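Where a number appears in this text, it was derived from the coordinates with a stated rule and is not lab data. As the structure is a prediction and not an experimental result, all values here were calculated from the model. For neighbour counting, all protein chains shown are included, and Cβ atoms are generated from backbone atoms with ideal geometry for every residue, glycine included.
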Amino acid sequence: MQTAEHEVTAAPHPLEPLSGDEIEAAAAILREERHLEESAQFVFVTLMEPPKDRVWAYSAGTALERQAFVVLHERALCAVYEAVVSLDTREVLSWQEIRGVQPPLTRDETIAYEEVVRDDPRWQEAMRRRGVTDLDGAKLDPWPVGYDGPEDAPERGRFLRPLTWVSTGEDGDNAYARPVEGLIVRFDLDRMEVVEVEDHGIVPLAPRSGNYTAEGIRASENFPSFSDGVRTDLRPIEITQPAGTSFEVSRHEVRWQRWRLRVGFTPREGLVLHDVAYEDRGEVRPVLYRASLSEMFIPYGDPSPTHYRKNVFDMGEAGIGMLANSLELGCDCLGEIHYFDAWVNDNQGRAVRIPNAICMHEEDNGVLWKHTDYRSGRGEVRRSRRLVLSIFTTVGNYDYGFFWYFYQDGSIEYEVKLTGVMTNGSVPAGERPRYGTLVAPGVYGPNHQHIFCVRLDMAVDGPNNSVVECDSVPVEPGPDNPHGNAWEVVRTPLRRESEAQRLANPNLARFWRIENPARQNAVGDPVAYRLEPGPSTPPPQRSDTHAIRRAQFATRNLWVTAYQPDELFAAGPYPYQHPGGAGLPEWVRADRPIENGDVVVWHTFVAHHVVRSEDWPVMPVATAGFKLRPDGFFDGNPSLDVPEPVSHSCDHQAPGTNGGRRGANETGPSLHRDGS
Ligand code: CO
């Protein structure tokens, strides 16, 4: 662990993430003023963002008060507190006990519980029944208990449901290859003791190693085995930018091409973007005030005892930023990289630096636009460049990458990359799982989904926006459609929160326009960005299950709410053991009007995971995400001014045309430059 770097700097922008010094100062102020005991655990220490109107009005040099928002778990009192601390006046501005909730799992808890389980004779006996004598090889993962009935209610205590795997103990061994089926521990995190060990019967441990290191894949008993080791026919590839990158960075402010944005980071959300704007011929035009993942939910569709209670909220139950990796140049990121470090808190309120947590770089993205005149052979082509901002996190067995892309045509894309080792189960030899896919002898991957909800605090040319649903609909045959070919785009304005809980509909090519009714483009339409939804398979579970009641955000692909600064998390601020109904379903009961107002758009998209054998033993990256594309925001293609590639004349000639017959040697320099 590294402690805070003490850097002396001018007043930070109001949306600069907390520095290490600020995290430690917030903890110290709180500890002193509230006389905190050693049993007080700092869960999250985060920037308390100033009110939006103050940030809109902010101009460099007029400092706004720096404040920290702190979630505290007083373990001895089984109590959760929220505090706001002024870092300027060094006082506690607010202090509130939050009753009837459980905070996310803390790192200290996830370390401390494991030894207690290992020492428990019931767990040891269950392992011996399975022929495991070397208990040091057993690995426990801290699965949140979820909510499966009143015994799991937050008021009843704080619980964990660890699951067990067995490793050979050799270096690099993949413990996840040998899940211990049917052995479920219920653990009391308040008392730090095992409540119960359920044993649903012995399923033999899977026989093969499932190792995936360069050495490990040689093992002949592996599945599949690569006895020759790694392939040797891959030659080096190098990404170089000899004149440097095209972006400018000042602290957490980024300028790239026409894009302007601020990079943020919180221990709960990970990467956060603020103040995303596009500079359009001298005018800085806002698009997004704030964008971040708001929750993710991974429910399993397997009714067996080990798997049906796997229903996890990796963000609200743990913290995506807390779990962020340090990225390595040449491995995680290739080329000319700008890294941002991230600062998070530990449970004692000390600052922890995650070096290289955020990777930023440019990528060539193929053709941006192109046309060849088939008569003359004259061609115009431009290459697309995109700016990539990303983090990677490890949540137990799974690894998630969260990627934002910015394009020269004004588009924004969000993509989650799913990789790592899928959670799994064991089946007896000769049996095939009904609710999953056999991936190796004795190992299967249960059916499941990864459901993501991204919160988009939209600001298309200013804070007041409207959202309109657009469907492509066939026109009834008749005088308006005499030939039967007609279809039109039907626009449905979403006027209130009750009207703005929508499903995606690929059959109608449904998208949503986030419009600014106060500004029109050159042809008289309101300027807008279009939300093109991502994959949208709704949860196949019954909607009255505990799992789906807890994750109602997952049942709709679009929600629109009236802006409230503390409405940030789709399943509510404290999903751990929460019985359900918090977050979006609670807020929209007010049915606030959302037309031409400060609106927040929530998009739920899904990585639907019917497991393949190729996902084993480590999963090639699968992706899910969505796009925000300008839709009448610009007067025409905003990327016309992207220059031709510097080192090429791009004299494209279409085959079978006059141009094709001429040949490059006869025509000399590129034709299309002659007239310029
Ligand atoms: Co999966």
Prolate/oblate/rounded call for the range 20-97, Cα gyration tensor, a/c under 1.5 rounded: prolate
Order by protection proxy (mean Cβ within 10 Å, highest first), peptides 559-572, 488-501: 559-572, 488-501
Cα gyration tensor, the range 113-264 - rounded (a/c under 1.5), prolate or oblate: oblate
For the range 505-575 and the range 450-481, distance of Cα centres in Å: 10
Whole-number percent relative contact order across the range 20-97, with pairs defined as alpha carbons under 8 Å at least 6 apart: 31
The range 359-412: relative contact order in percent, alpha carbon pairs under 8 Å with at least 6 residues between: 31
Calculated FRET efficiency for the pair Glu65/Asp566, C-beta based, R₀ 22 Å, to 0.05: 0.80
Arg186-Asp171 pseudo-label distance in nm [points 7 Å out on the Cα-to-Cβ vector]: 4.2
Relative packing of peptides 321-328, 546-553 - highest average C-beta neighbours within 10 Å first: 546-553, 321-328
Selected from Ala214, Ala112, Gly146, residue furthest toward positive end of dipole (the range 109-226; charges at beta carbon): Ala214
Order by protection proxy (mean Cβ within 10 Å, highest first), peptides 437-447, 233-243, 334-344: 437-447, 334-344, 233-243
Inter-label distance, nm, simple model (7 Å from Cα along the C-beta direction), Arg122/Asp134: 2.8
Net charge, Asn464 excluded, C-beta distance under 11 Å - Lys, Arg +1, Asp, Glu -1: -3
Nearest-0.05 FRET efficiency for Ala79 and Val195, computed from C-beta distance (R0 22 Å): 0.60
Environment charge of Thr393, counting only residues whose C-beta is closer than 10 Å and scoring Lys/Arg +1, Asp/Glu -1: -2
Amide H contacts under 5 Å for Val272, placed H, 5+ residues apart: Gly264, Phe265, Thr266
Expected 222 nm ellipticity per residue - DSSP helices of 4 or more, -39500 (n - 2.57), all of the chain, to 500: -2000 deg cm²/dmol
The chain, relative contact order in percent, only Cα pairs under 8 angstrom and at least six apart counted: 13
Selected from Pro50, Leu72, Leu93, residue furthest toward positive end of dipole (the range 20-97; charges at beta carbon): Pro50
Where labels lie 7 Å past Cα in the beta-carbon direction, separation of Asp148 and Asp525 in nm: 5.1
Local electrostatic count, Glu170, Cβ distance below 15 Å [Lys/Arg +1, Asp/Glu -1]: -2
Debye log10 I(q)/I(0) at q = 0.10 Å⁻¹ for the chain, Cα point scatterers: -1.06
Theoretical gain in end-to-end length, Ile98 to Glu614 [0.36 nm per residue, Cα-Cα removed]: 181.2 nm
Electrostatic dipole magnitude of the chain [Cβ: Lys, Arg +1; Asp, Glu -1; Cα centre; debye, to 20]: 1700
Distance-filtered residues of the range 285-317 - backbone nitrogen under 16 Å, label point 7 angstrom along Arg434 Cα→Cβ: 301-308
